[in-house]
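Beneath this line is the structure, given in structure tokens, with notes to follow.
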Amino acid sequence: MYCGNCGTFIEEGNAFCLACGAPVVHVAGGGAPGAPNYAPGYAPGYVPVAGQPMGQPMGQGPLASTLTSGEKLGYAALGFFLGVIGVLVAWLASKDTPKSSETIKFSIIGLAVSFGLGIVVFIIYMVFMLVLGFSLMGMADGMASSTLETLDLAY
């Protein structure tokens, strides 16, 4: 069975966990004979993270792998301004940490926002150029016809 406090394997007959000293709690009717008795939230091979309170399931302690709002904004800005290179930098900066998936996620969000904003700006620019082009053509046509009338070369 496994310790309910730290998740360490405990041999049958021990009254205390050899790793953390917690008393062993035997579950009444512990399931089928020979079935393993796992501590809630733990599995065999569980290794606690340094600084994580004992008995705390992975990813829920004070060292849970979450980014602060400033880090999220920073990685999003990295992806926004540097594009794919920013995503690669975010990955390289955090590839060996538990926060790596979040850093990549926020840098990709920044890249997507940058790409979407670029498309919107391009569409606005094209509409502006189209409107400006037609208005200039209209002005040029009006100027050409008035010039021809002035020269008495009207057609």
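Annotations for the structure displayed:
- Taking other Cβ atoms within 10 Å as a rough exposure proxy, 8, 66, 103 sort from fewest to most as 66, 8, 103.
- Summed side-chain charge close to residue 99 - residues other than residue 99 whose Cβ falls under 15 Å, Lys, Arg +1, Asp, Glu -1: 0
- By average C-beta atoms within 10 angstrom, highest first, the peptides 107-115, 128-136: 107-115, 128-136
Laboratory data are not the source of any read-out in this text; all were calculated from the coordinates shown. Everything numeric here is computed off the predicted structure, so don't read it as measured data. Positions of Cβ are generated from backbone atoms using ideal geometry, with glycine treated the same way; all protein chains shown enter the neighbour counts.
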